[in-house]
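I have placed the structure first, in the form of structure tokens, so that the comments after it can refer back to it.
Every number in this text was worked out from the coordinates using simple rules, so none of it is lab data. It should be emphasised that the depicted structure is a prediction, and the values quoted were computed from it without experimental measurement. Note: ideal-geometry Cβ built from the backbone for every residue, glycine included; neighbour counts use all protein chains shown.
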Amino acid sequence: MERYLFVIDYQNDFVDGALGFPGAETLDAGIAAKIRAYGPGHVLFTRDTHFDNYLDTREGRLLPVVHCIRGTHGWELYGETAKAIEEVGAPGIDKLVFGMDVTDPATAAVLPETADEIELVGLVSNICVVSNACVLQAKYPEARILVDARLTASMDPQMHEKVLDVLEGFQVKVLNR
């Protein structure tokens, strides 16, 4: 069975930086353990990636908090998760919007050709995690898509619970709820 783990945007700016929130750091050990359990060849990660013109973009006008500027500390992966990603040699996908662009040649080059099961962990549940769950479900329509509720979070706990309901509504299996 082809199983993959996607670590979504577990970056410094979402944990303890510009858009960090209490509790985001508590996901680190669990995400790192899951990365190591999946092992080499079965883990991919995304990085929210912006540039100096962020405030001039649609997202920047709607969320005017400069974050995840390519090459900065805030853009880098956080803590033990970063170490685990390096240990397993996981490829990364730099994405310019909430969901990855599977038609981008650089992204397509690292995505698996087929997948039976895809699990998502990371941040933020009600923005990038849900967006990428949708993208991956469209890319791999026969794959079982899972989200580990213990290893994703939002700065808004009520929105987090609502998005878990939405995920289940479009046939994503929510684990550890």
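Annotations for the structure displayed:
- Centroid-to-centroid separation of the range 23-71 and the range 90-135 [C-alpha atoms, Å]: 11
- Local electrostatic count at D13 - Lys and Arg +1, Asp and Glu -1, tallied over other residues with Cβ under 13 Å: -3
- Segment D52-D116, extension gain: residue separation times 0.36 nm, minus the distance between their alpha carbons: 19.2 nm
- Here's the list of lysines a cross-link from K162 could span, going by alpha-carbon distance under 27 Å and ignoring same-chain residues fewer than 8 apart: K34, K95, K139, K173.
- Order of S125, S131, S154 under a 10 Å beta carbon neighbour criterion, fewest first: S131, S154, S125
- Other residues lying with their Cβ under 15 Å from the Cβ of V102 contribute a combined charge of -2, Lys and Arg counting +1, Asp and Glu -1.
- Computed about the Cα centre, the dipole magnitude for the range 3-175 is approximately 200 debye when only Lys and Arg (+1) and Asp and Glu (-1) carry charge, each at its Cβ.
- 3J(HN,Hα) from dihedral phi, the range 74-87, Karplus parametrisation 6.51/-1.76/1.60, rounded to Hz, x for glycine, proline: x, 6, 6, 5, 8, x, 5, 4, 4, 5, 5, 4, 5, 4
- Under Karplus coefficients 6.51, -1.76 and 1.60, residue-wise ³J(HN,Hα) of the range 108-121 in Hz, glycine/proline x: 4, 5, 9, 6, x, 5, 9, 8, 8, 8, 10, 10, 10, 9
- Least to most buried among I8, I145 (fewest other Cβ within 10 Å first): I145, I8
- Equivalent ellipsoid semi-axes - Cα gyration tensor, the range 75-177, angstrom: 21, 18, 13
- A simple count of charges around A84, restricted to other residues whose Cβ falls under 9 Å of its Cβ and scoring Lys, Arg +1 and Asp, Glu -1, yields 0.
- Positive-end ranking of V88, N12, V163 along the dipole of the chain, with charges on Cβ about the Cα centre, is headed by V163.
- Shown in residue order for the range 127-142 are the 3J(HN,Hα) couplings computed by the Karplus curve 6.51 cos²θ - 1.76 cosθ + 1.60 at θ = phi - 60°: 10, 7, 5, 5, 4, 6, 4, 5, 4, 5, 5, 6, 5, 10, x, 9 Hz (x for Gly and Pro).
- When each of M155, M100, M1 is scored by the number of other beta-carbon atoms lying within 10 Å, the sequence from fewest to most is M1, M155, M100.
- Taking amide hydrogens as placed 1.01 Å from N in the peptide plane, the amide H of V124 sits under 5 Å from those of V129, each at least 5 positions away in sequence or on another chain.
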